[in-house]
Amino acid sequence: MNTLDKILVTRISSTPDTLLVDFNDGRTVQLPLLWYPRLYRATATQREHYELLGSGFGVHWPDVDEDLSAKSLALGKPSIEFIKQQRVPAREELAA
């Protein structure tokens, strides 16, 4: 079993441009808030209102309907929403 399969989020905080995530193994990661568009658009109060899911296997922000897993945060993965926004248009779209 991979170490990341057991990683748990213990605390979340943020600045206007950074999401800070503390884990049960003592690590802290700092991720660009821009990678999580719903959190980026949220107010500080909305970002502070989160719930740990499954003792920290995931995080839910009810005010903005965002859910992220501890594993994806530990790996520094941007949200699917962000990735879709960065998608390069297909050639057909560019020709239109």
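State all residues of the stretch 31-81 that are touching a residue at least 60 places away in the same chain (Cβ under 8 Å) and within 13 Å of Thr18 (Cα to Cα); if no residue qualifies, say none.
Once the filter is applied, which keeps residues that are touching a residue at least 60 places away in the same chain (Cβ under 8 Å) and within 13 Å of Thr18 (Cα to Cα), the stretch 31-81 yields only Leu73.
Anything in the stretch 51-71 that is part of a helix (DSSP H, G or I) and surrounded by fewer than 15 Cβ atoms within 10 Å (Cβ to Cβ)? List them, or say none.
Gly54, Ser55
Got a number for residues in the stretch 2-19 being surrounded by 11 or more Cβ atoms within 10 Å (Cβ to Cβ) and either touching a His at 6+ places or on another chain (Cβ under 7 Å) or outside any loop (DSSP other than H, G, I, E, B) (or both)?
Number satisfying all stated conditions: 10.
Quick check on the stretch 20-48: of everything there that is more than 14 Å from the chain's Cα centre (by Cα) and part of a loop (DSSP other than H, G, I, E, B), which residue is farthest from Ile7 (Cα to Cα)?
Selected residue: Thr43.
Read-outs throughout are calculated quantities, based only on the coordinates presented, and are distinct from any laboratory measurement. All figures in this text were calculated on a predicted structure; none of them were measured in a lab. Cβ coordinates were reconstructed from backbone atoms using ideal geometry, including for glycine residues, and neighbour counts include every protein chain displayed.
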